[in-house]
Amino acid sequence: MKGLQRLALSNRWANSLSDVFAFLEKPMRKVEEILREAVQSPVQEMTAMALHLLSAGGKRLRPALTLLSAKLAGEINHRAVLFAAVVELMHTATLIHDDVIDKADLRRGRATVHTLWGNEAAVMCGDFLYATAFNMLARDGDIEVIRTMAQASSQVCEGEVLELQLAFNPKITEEQCIEIARLKTAELMAAACKIGAMASGANGKLTDAVEIFGRNLGIAFQIVDDVLDMEGSVEEIGKPVGSDLLEGKITLPVRLTLDALPEEKRAIWEQRIAKRELTPQDAADLAKFARENRVLEQARARAKKFAEKALEQLMKVASEVNSSEAINMLKRLARFFVHRQF
């Protein structure tokens, strides 16, 4: 995609996201207040580490899903705001742990926590955020909410280990790529939606629908995230282009790119991946091939199908929701997930 076209699309979907957050302005301000209060610790370095990433400009997409799911069922009450903050704390914890595992230097354009404070401190900070989140849920006292978030946390860990297990394996299938995306990303989004609906007292049918919505949308989100790893520049994505491949992650866009290569070249690439002989220039070259041969468009098309599955769930319960405006905002969010650039 040419630069000006890409910029136009980026601005269009950024505006869509702006509409969502304008709709959620008041509750999102409360979420930010809870986040800052939650990470205050008598150990000053712990607070500094937590705020380093929390204040680095994350989009707060998962809290938005929680709040909009609550609005579907009723009103965005204090529990919904609390749950939205819990979701963001848990997401931030996973990012800190991910960066340690991946030995990443940058996150959201900033030095990672482990780069500044060391691996040991970073792991403890991630654990602190998890513990803080569950302490907040324990004070709320809803066992089903706690169970939902505990299960999502387990699945995130399973996804990370599965990804490590399949690292540098050039024979990974599309189905395995999707399963990793589901576990490490989509299940937390599914849980974010589910507990948002629960906060407003949604019935079982609506709760189930938004959970499935979040799961499918989460898979779409991760596919596009993996596309962006091969599509942008370090300034745009906040990390080196093709870094996933250098870390041995055979994501769906990488899988599709390998499949698009002529058979002889594919065999050479697969051998180099298996032997862990890739260089940054190799990753850049494969990303260039993917862009020039419209492979990344194929991957986005896969993401779009999952987003469409997500929206089908909303349509099934449209007659039962409290707010058509919330449905419209979730639709906007879904479109942003698929079409976002950086």
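The values are calculated or read from the model by the stated rules, or taken from the named source; none is laboratory data. Computed from a prediction, not measured in an experiment: that's the story for all the values here. Cβ coordinates were reconstructed from backbone atoms using ideal geometry, including for glycine residues, and neighbour counts include every protein chain displayed.
Which of the residues belonging to the stretch 123-149 are small (Gly, Ala, Ser), over 20 Å from the mean Cα position of the chain (by Cα) and part of a helix (DSSP H, G or I)?
Once the filter is applied, which keeps residues that are small (Gly, Ala, Ser), over 20 Å from the mean Cα position of the chain (by Cα) and part of a helix (DSSP H, G or I), the stretch 123-149 yields 131, 138.
May I ask you to list the residues in the stretch 295-313 that are of a type in the set (A, V, I, L, M) and either crowded, with 21+ Cβ neighbours inside 10 Å or at positive phi (or both)?
295, 296, 299, 303, 307, 310
Restricting the stretch 283-294 to residues that are in a helix (DSSP H, G or I) and without any contact (Cβ under 8 Å) to a residue 12 or more places away in the chain, which is surrounded by the fewest Cβ atoms within 10 Å (Cβ to Cβ)?
Ranking the qualifying residues of the stretch 283-294, first place goes to 292.
Being in contact with a Pro (Cβ under 9 Å, 6 or more places away or on another chain) and either more than 23 Å from residue 306 (Cα to Cα) or surrounded by 22 or more Cβ atoms within 10 Å (Cβ to Cβ) (or both): is that true of residue 181 here?
Details: in contact with a Pro (Cβ under 9 Å, 6 or more places away or on another chain): no; either more than 23 Å from residue 306 (Cα to Cα) or surrounded by 22 or more Cβ atoms within 10 Å (Cβ to Cβ) (or both): yes.
Against the criterion (in contact with a Pro (Cβ under 9 Å, 6 or more places away or on another chain) and either more than 23 Å from residue 306 (Cα to Cα) or surrounded by 22 or more Cβ atoms within 10 Å (Cβ to Cβ) (or both)), residue 181 does not qualify.
Restrict the check to the stretch 117-139 and report whether at least one residue is hydroxyl-bearing (Ser, Thr, Tyr), more than 18 Å from residue 61 (Cβ to Cβ) and at pLDDT 95 or above. Walk me through it before giving the result.
Let us first name the residues in the stretch 117-139 that are hydroxyl-bearing (Ser, Thr, Tyr), namely 130, 132.
Cutting the leftovers down to more than 18 Å from residue 61 (Cβ to Cβ) gives us 130, 132.
When the remaining residues are screened for being at pLDDT 95 or above, the result is 130, 132.
Yes, the conditions are met somewhere in the stretch 117-139.
Scan the stretch 52-69 and tell me whether some residue there is β-branched (Val, Ile, Thr), more than 15 Å from the chain's Cα centre (by Cα) and either crowded, with 23+ Cβ neighbours inside 10 Å or on the phi > 0 side of the Ramachandran plot (or both).
No, the conditions are met nowhere in the stretch 52-69.
Would you be able to tell me the number of residues in the stretch 107-127 that are aromatic (Phe, Trp, Tyr) and within 18 Å of residue 90 (Cβ to Cβ)? Full working, then the answer.
Here is the first cut: in the stretch 107-127, the residues aromatic (Phe, Trp, Tyr) are 117.
Next cut, within 18 Å of residue 90 (Cβ to Cβ) only: none.
Going through the stretch 107-127 one residue at a time, the tally reaches 0.
Under the condition of being assigned to a helix (DSSP H, G or I) and among the small types (Gly, Ala, Ser), which residue from the stretch 246-267 is surrounded by the most Cβ atoms within 10 Å (Cβ to Cβ)?
In the first step, residues of the stretch 246-267 are kept if they are assigned to a helix (DSSP H, G or I); the result is 246, 252-260, 263-267.
Restricting the remaining residues to those that are among the small types (Gly, Ala, Ser) gives 260, 267.
Values: 260: 15, 267: 13.
This residue is 260.
Regarding residue 53, is this residue touching a strand residue (DSSP E or B) at 6+ places or on another chain (Cβ under 7 Å) and in contact (Cβ under 8 Å) with a residue 24 or more places away in the chain? Walk me through how you get there before you give the answer.
Numbers: touching a strand residue (DSSP E or B) at 6+ places or on another chain (Cβ under 7 Å): yes; in contact (Cβ under 8 Å) with a residue 24 or more places away in the chain: yes.
Yes, satisfied.
Looking at (1) part of a helix (DSSP H, G or I); (2) surrounded by fewer than 24 Cβ atoms within 10 Å (Cβ to Cβ), which is the one condition that is false for residue 75?
Looking at each condition in turn, residue 75 falls short on (1).
Of the residues 196, 248, which is more than 30 Å from residue 31 (Cβ to Cβ) and touching a Phe, Trp or Tyr at 6+ places or on another chain (Cβ under 8 Å)?
Every option except 248 fails the conditions.
State all residues of the stretch 21-50 that are exposed (fewer than 15 other Cβ atoms within 10 Å of the Cβ), hydrophobic (A, V, I, L, M, F, W, C) and assigned to a helix (DSSP H, G or I); if no residue qualifies, say none.
The one that is exposed (fewer than 15 other Cβ atoms within 10 Å of the Cβ), hydrophobic (A, V, I, L, M, F, W, C) and assigned to a helix (DSSP H, G or I): 22.
For the stretch 150-167, what are the residues that are outside any helix (DSSP H, G or I) and surrounded by fewer than 18 Cβ atoms within 10 Å (Cβ to Cβ)?
Within the stretch 150-167, 167 is the sole residue that qualifies.
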